[in-house]
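Beneath this line is the structure, given in structure tokens, with notes to follow.
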Amino acid sequence: MNIFKKIFFVDFIKGLSLTFKYNVSKSFTLRYPDEEKWIPYQRFRGLHTLNRDAQGRELCVACELCAKACPTQCITVIPMEDDRGIGIADRIAKVYKIDLVRCMFCGLCEDACPTTAVRMGRDYELACFTLECGVADKQKLLAPQEIPVEFEGGYVVKARLERNKEGIKIKPDLSKRKRWW
């Protein structure tokens, strides 16, 4: 049997048949970032977000459990007393920073949070030119997200490229969508 395979090049023919099969199949090209953008599923672990309740108060109580649960120690939380009433408790985070360069995006901070203040978002475009933009501070994390939480995901949507002083940003149009596969 082994001599038969060597004489008739059976393994070589199997390899070529696989190559030819891919050559005649339909290819899939995503026109990212000029025309299309993929919206990840709800369970995707992208850039972190700090959330607010329905009244607009910050959910973070500065308990520092997320910082303690982080295996890379990339989260910095400095608590302060809340005398303005912007938080749900009498304590809020004065400083909340995540070093995205060190972060593994493992989701342990999300699991440790008792108030669901820290969540993993859907933003996956995190490339930057300096190390300063690799640090997400409280203002950046509290900013509203482009993609609503209830949006299902797994779609390719129309998008447009916008240039500003901070760099290039891709704005998705969530009304026109098609399935990924």
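The one condition from (1) out of contact with any Cys (no Cβ under 6 Å at 6 or more places or on another chain); (2) outside any helix (DSSP H, G or I) that ASP111 does not meet is (2). The single condition among (1) within 15 Å of ASP34 (Cα to Cα); (2) part of a loop (DSSP other than H, G, I, E, B); (3) hydrophobic (A, V, I, L, M, F, W, C) that ILE168 does not meet is (2).
Please determine whether any residue of segment 118-133 is touching a residue at least 12 places away in the same chain (Cβ under 8 Å), over 30 Å from PHE28 (Cα atoms) and of a type in the set (Gly, Ala, Ser). Checked against the condition, which is being touching a residue at least 12 places away in the same chain (Cβ under 8 Å), over 30 Å from PHE28 (Cα atoms) and of a type in the set (Gly, Ala, Ser), segment 118-133 yields no hits at all.
This table checks each residue for (1) at pLDDT below 85; (2) of a type in the set (Asp, Glu).
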position: ILE3; (1), (2): yes, no
position: PHE8; (1), (2): yes, no
position: ASP11; (1), (2): no, yes
position: LEU16; (1), (2): no, no
position: LYS21; (1), (2): no, no
position: SER25; (1), (2): yes, no
position: THR29; (1), (2): yes, no
position: ARG45; (1), (2): no, no
position: ASN51; (1), (2): no, no
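Residues considered: ILE78, ILE98, ILE39. Of these, the only one that is out of contact with any helix residue (DSSP H, G or I) (no Cβ under 9 Å at 6 or more places or on another chain), in contact (Cβ under 8 Å) with a residue 12 or more places away in the chain and under 26 Å from GLY153 (Cα atoms) is ILE39.
Highlighted here are the helices (runs of 4 or more DSSP H) found entirely within segment 1-102 that include at least 2 residues which are farther than 30 Å from LYS178 by Cα, in contact with a strand residue (DSSP E or B) (Cβ under 7 Å, 6 or more places away or on another chain) and not aromatic (Phe, Trp, Tyr): 65-69.
The residue of segment 95-117 that is nearest to the chain's Cα centre (by Cα), among those that are hydroxyl-bearing (Ser, Thr, Tyr) and either over 13 Å from LYS138 (Cα atoms) or surrounded by fewer than 17 Cβ atoms within 10 Å (Cβ to Cβ) (or both), is THR116.
Just to be sure before I move on: is GLU36 under 28 Å from ASP173 (Cα atoms), among the charged types (D, E, K, R) and within 23 Å of the chain's Cα centre (by Cα) in the structure I sent? Taking the combined requirement at face value, the residue satisfies it. Checked against the criterion of being touching a strand residue (DSSP E or B) at 6+ places or on another chain (Cβ under 8 Å) and more than 30 Å from ILE78 (Cβ to Cβ), the candidates GLU125, GLU162, GLU150 yield just one match: GLU162.
The values are calculated or read from the model by the stated rules, or taken from the named source; none is laboratory data. Small disclaimer: the values here were computed from a predicted structure and weren't measured. Here the Cβ is made from the backbone with ideal geometry for all residues, glycine too, and neighbour counts use every protein chain on show.
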